[in-house]
Amino acid sequence: MKKIEPINIMKKFSLFKEEWTPKIIGELNGQHVKLCKLKGDFVWHSHANEDELFMVLKGTLLIDFRDGRTVKVEEGEIIIIPKGIEHRPHTNGELVFNLLFEPNTTLHTGDINTDLTVKELDWI
């Protein structure tokens, strides 16, 4: 049987420096729990088959939508982006700590392939 232990999220954030590169910290029911450090601008993208949950643990995340809106997600808040909705996460220059909860097949750049796309995520 797998050893069942608490996961210290902030300690896990200290184990990596990469930005916009999710790291897996857990798995349940076909879903990955991922941590990601965010800073600056990401790419416009959408996810055709899955919703995306962002939970901000530190800092402020901004998410642009094609209708011209920008939504601010502050520390301690979550936002769920429905599948098929094009969006662009970014920050105001500060480092943001983010938790993602999504199917284990989800690519963080959705349906597009860019220099930021990571096809195989690391477990930490």
Worksheet item: Arranged from highest to lowest average of other beta-carbon atoms within 10 Å per residue, in what order do the peptides 84-90, 31-37 appear?
Response: 31-37, 84-90
Worksheet item: Computed from the mean reciprocal separation of all distinct C-alpha pairs, what Kirkwood hydrodynamic radius does the chain have, in Å?
Response: 14.8
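In percent, what relative contact order does segment 9-107 have, based on Cα pairs under 8 Å that are 6 or more apart in sequence? Can you show the working numbers first?
Numbers: 230 pairs, mean separation 35.3, N = 99.
Once divided by the residue count of segment 9-107, the mean separation gives 36 percent.
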Worksheet item: Of 58/83; 11/58; 37/58; 17/58; 34/72, which ones are farther than 18 Å apart at the Cα?
Response: 58/83; 34/72
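Computed from the coordinates by the stated procedures, all read-outs in this text should not be read as laboratory data. None of these values were measured; they are calculated from a predicted model. For neighbour counting, all protein chains shown are included, and Cβ atoms are generated from backbone atoms with ideal geometry for every residue, glycine included.
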